[in-house]
Amino acid sequence: MSSKGLIDCILFLEAWCLLHLAKLVILFMPFKRIASWMGRLQIESTHDLQYTRMAAMIELAIRRASRYTLHRSKCYDQALTAKALLGQGRLPATIYFGLAKDSDNQLIAHAWVRCGNKIISGKAGFERFTVVACFGDAWAG
């Protein structure tokens with residue numbers, strides 16, 4: 001196995017495990033506690049960071065791993081996982097929480113993560129949501 005293949009495999013396993021851990025955290029911890037490690041409230045990380053190979057590999061690993069979780073992996077689980085993996089790689093990121101109305105005029109929520117100028121998780125339809133909160137890294141990567 002090539003070194004890239006090994007890194008892909010390790011990232012997949014990390015993402016898979018973190019998606020399950022994120023689901024447990026969401027179910028059993030209050031949001032205030034989770035928010036304390038997501039970053040600084042209403043602070044955005046830099047948009048100037050180049051989309052790195054590691055960020056691309058993390059994006060792919062989360063997308064792949066979310067298909068094989070033991071639960072339905074939703075945007076919030078994926079966003080927490082992306083934020084954790086990007087932080088582990090010292091890549092500054094911002095997690096966004098947004099609201100929109102669906103076709104029945106019901107309020108729906110969405111979470112997504114941006115690293116540099118790219119959306120890493122929650123990319124599908126994020127533009128239609130109004131950001132109500134974000135948690136970002138103020139440090140430089």
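Structural remarks
- If you filter the range 1-31 down to residues that are assigned to a helix (DSSP H, G or I) and of a type in the set (Gly, Ala, Ser), you find that the one that is surrounded by the most Cβ atoms within 10 Å (Cβ to Cβ) is ALA15.
- Residue in the range 118-133 that is among the aromatic types (Phe, Trp, Tyr) and surrounded by 15 or more Cβ atoms within 10 Å (Cβ to Cβ) present: yes
- Among the residues listed as GLY125, GLY89, the single one being at positive phi and of a type outside the set (Ser, Thr, Tyr): GLY125
- Given (1) within 19 Å of GLU44 (Cβ to Cβ); (2) in contact with a Ser or Thr (Cβ under 8 Å, 6 or more places away or on another chain); (3) not acidic (Asp, Glu), index of the condition LYS83 fails: (2)
- Criterion: among the charged types (D, E, K, R), under 15 Å from ASP137 (Cα atoms), surrounded by fewer than 17 Cβ atoms within 10 Å (Cβ to Cβ) and in contact (Cβ under 8 Å) with a residue 40 or more places away in the chain - qualifying residue of ARG40, ARG64: ARG40
This table checks each residue for (1) closer than 12 Å to ILE120 by Cβ; (2) among the charged types (D, E, K, R).
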| position | (1), (2) |
| --- | --- |
| LYS4 | no, yes |
| SER66 | no, no |
| THR94 | yes, no |
| ASP104 | no, yes |
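- Restricting ALA82, ALA56 to those that are among the small types (Gly, Ala, Ser) and either crowded, with 22+ Cβ neighbours inside 10 Å or part of a loop (DSSP other than H, G, I, E, B) (or both) reduces the list to ALA82.
Bear in mind these aren't lab numbers, they're just calculated from the coordinates by the rules spelled out. Fair warning: this is a prediction, and the values are worked out from it, not measured in the lab. Reconstructed Cβ throughout: ideal geometry from the backbone, glycine too, with neighbour counts over all protein chains shown.
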